[in-house]
Amino acid sequence: MDNNIRAIALDVLLKIEQNQAYSNLQLNQTLQNSNMKSVDKALLTNIVYGTIQRKNTIDFYLDQLLNKPIKKKDRWVLSLLRLSIFQMLYLDRVPDHAIIHEAVEITKERGNQGLAGLVNGILRKLQREGTEAMDKIAGEGADKEALSYSMPQWLFDRWRDQFGQEDAEKMAQSNLLASPVTARVNTKKSNRKDVLELLLEEGIVAEEGELSPEGIIVKEGYLPATDVYKQGLVTIQDESSMLVARAVDPVSGETILDTCAAPGGKSTHMAELMQGEGKVVSLDLHSHKIDLIKRQAERLGLENIEASVLDARKVSDQFESGTFDRVLVDAPCSGFGVIRKKPDLKWSKTEEDVTRLTNIQRDILHAASDMVKDGGLLVYSTCTVDKEENDNVADWFLSNHPEFEWDSQFAEKMPNNIKSYIIDGRSDIQIMPHYFNSDGFYIAAYRKKTTGGEKHA
């Protein structure tokens, strides 16, 4: 079966590269359409994510091993070499000779004897010489952190400038680890204790989460294949992300706006906390993403979600000022907090992207703020760790919207084990991936003053 897994991994990697597909979506689609055992699904996930995560380090080694460039028509061989080198250097489940044999067999099936000989020669050279000789080359014109943590040097430099060397290294290292599978219990239908017992009956080993009272961590098994999942008792979601709905603190009977809602994790969480009473209006720019929200709501048995297509920057075209009790802006962002789940992000994003996204975030916040009732709540969140998109945007909003102030109750809504990360005088928090082995996330909460005030564009 292992050889088949590697052939499937190659197909996934090629689709990601050739079609510019998101790694998590492509991999999830493959897993859902397969009949593999849980242990094989875990191995496939490890190979695909690991190969992408370590891409520039692997390519550094490949440059030393290749005598001449691979022809353009045979570029698929590069992906095969990358996933094979990843296994040889970073996994210990299969011995090197078996990995080499499997790579050669896959090449024979897809290419020709010449390519098979090339693959065999390159991988056997790595097996013979190891990485010591090549490691000595590193540092001579190469970026140390880029190779050590397998990430773009500009991004590491940016983290170091923003957070210091120690936190930058911890974050970079944590992004090379496998992301835990976490889920949120649908409290409208069940509770965490009962769900954990039901999952165990289906062979899923899980335990209580660390950050959210609805959170669970899956240790063994494939959750989407269970009846518990299909019956809408759980939703796959990171624990950091679960804190966003807690910051919004929805109340039954209220009307809530989720401006950038797809795929619906936070909308459905808020609807569950409201016990199906009141209404969550979920917006997204793309119709196919609205379909995702609707399917999620249907699976979870939530009838108080109203999803529709709308650019969040144009909410005033559809709604009157002060329509909503609470508004969530979970803004489009660079995604640097979820690199473990979407490793292709660190290779595809640029510093120019961060600046472009910051402008969009400001525009959405400005437009959405007009939707909040006097005394209502506005929450801004991102799944990134970048200060330009987080702290800077949050401070910009307050300085340009004097009718808002920090939500004085923000800290009370957060779990005790993260309160130390909330800075006095502010109502925001930056969660780093290495704090709780969860996604990097930023949350800021504002209260609209009841006395009014002049608002600036």
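Compute the acute angle (0 to 90°) between the alpha-carbon long axis of helix 76-90 and the principal axis of greatest extent of the alpha-carbon atoms of the chain; round to the nearest 10°.
It works out to around 80 degrees.
Which value, in debye to the nearest 20, gives the size of the charge dipole of the chain about its Cα centre, when Lys and Arg are +1 and Asp and Glu are -1 at the Cβ?
In debye, rounded to 20, the chain gives about 1420.
Could you tell me what % of all Cα pairs in the stretch 24-83 have separations over 12 Å?
Summing the P(r) tail past 12 Å for the stretch 24-83 gives 73 percent.
In the stretch 200-331, what is the volume of the convex hull around the alpha carbon atoms, normalised per residue and reported in Å³?
104 Å³
Given the pairs LYS41/LYS314; LYS314/LYS387; LYS41/LYS125; LYS188/LYS448, which span a C-alpha to C-alpha distance of over 32 angstrom in this model?
Pairs exceeding the cut-off: LYS41/LYS314.
What is the distance in Å between the Cα centroid of the stretch 171-209 and that of the stretch 310-382?
28 Å
Please report, largest first and rounded to whole Å, the three semi-axes of the ellipsoid equivalent to the stretch 9-125, where each semi-axis is the square root of five times an eigenvalue of the C-alpha gyration tensor.
23, 16, 14
Once the dipole of the chain is set up with Lys and Arg at +1 and Asp and Glu at -1 on Cβ about the Cα centre, which of HIS401, ASN120, THR255 lies farthest towards its positive end?
It is ASN120.
I need the Kirkwood Rh of the stretch 128-257: take the reciprocal of the average 1/r across all distinct C-alpha pairs and report it in angstrom.
That comes to 18.1 Å for the stretch 128-257.
Quick one: pull the percent of accessible area on the chain belonging to carbon and sulfur, 1.4 Å probe, ligands and nucleic acids left out.
Carbon and sulfur atoms account for 46 percent of the accessible area of the chain.
One quarter of the convex hull surface, Cα atoms only: what value does that give for the chain in nm²?
One quarter of the hull surface, i.e. the mean projection, equals 22.6 nm².
Kirkwood hydrodynamic radius for the stretch 257-410: how many Å is it when counted over pairs of different Cα atoms?
The answer is 16.2 Å.
For the stretch 199-263, state what percent of all Cα-Cα pairs lands in each successive 10 Å bin, counting from 0 Å until the bin that includes the largest distance.
Cα pair-distance distribution for the stretch 199-263, in percent: 17, 43, 30, 10.
Residues of the chain: accessible area per residue at 1.4 Å, in Å²?
44 Å²
Using a 1.4 angstrom probe on the protein heavy atoms only, line up GLU102, GLU412, GLU207 by accessible area, largest first.
Descending accessible area places them as GLU412, GLU207, GLU102.
Distance from the Cα centre of the stretch 216-286 to that of the stretch 99-132, in angstrom?
If we compute the Cα centre of each part, the gap is 46 Å.
Skipping prolines and chain starts, which residues have an amide H placed within reach, meaning under 5 Å, of the one on GLY376, given they are 5 or more residues away or on another chain?
LYS448
What are the residues whose amide H is under 5 Å from the amide H of ILE256, where those residues sit 5 or more places off or on another chain and H is modelled from the backbone?
Hits under the 5 Å cutoff: LYS279, VAL280, VAL281.
So what is the relative contact order of the stretch 323-375, in percent, for Cα pairs below 8 Å that sit 6 or more residues apart?
Once divided by the residue count of the stretch 323-375, the mean separation gives 59 percent.
The values are calculated or read from the model by the stated rules, or taken from the named source; none is laboratory data. What you see is a predicted model, and the numbers here were worked out from it, not measured in a lab. FYI the Cβ positions are ideal-geometry reconstructions off the backbone, even for glycines, and counts take in every protein chain you see. Remember, those area values only see protein heavy atoms, side chains included, never the ligands or the DNA or RNA. Shrake-Rupley method; radii C 1.70, N 1.55, O 1.52, S 1.80 Å.
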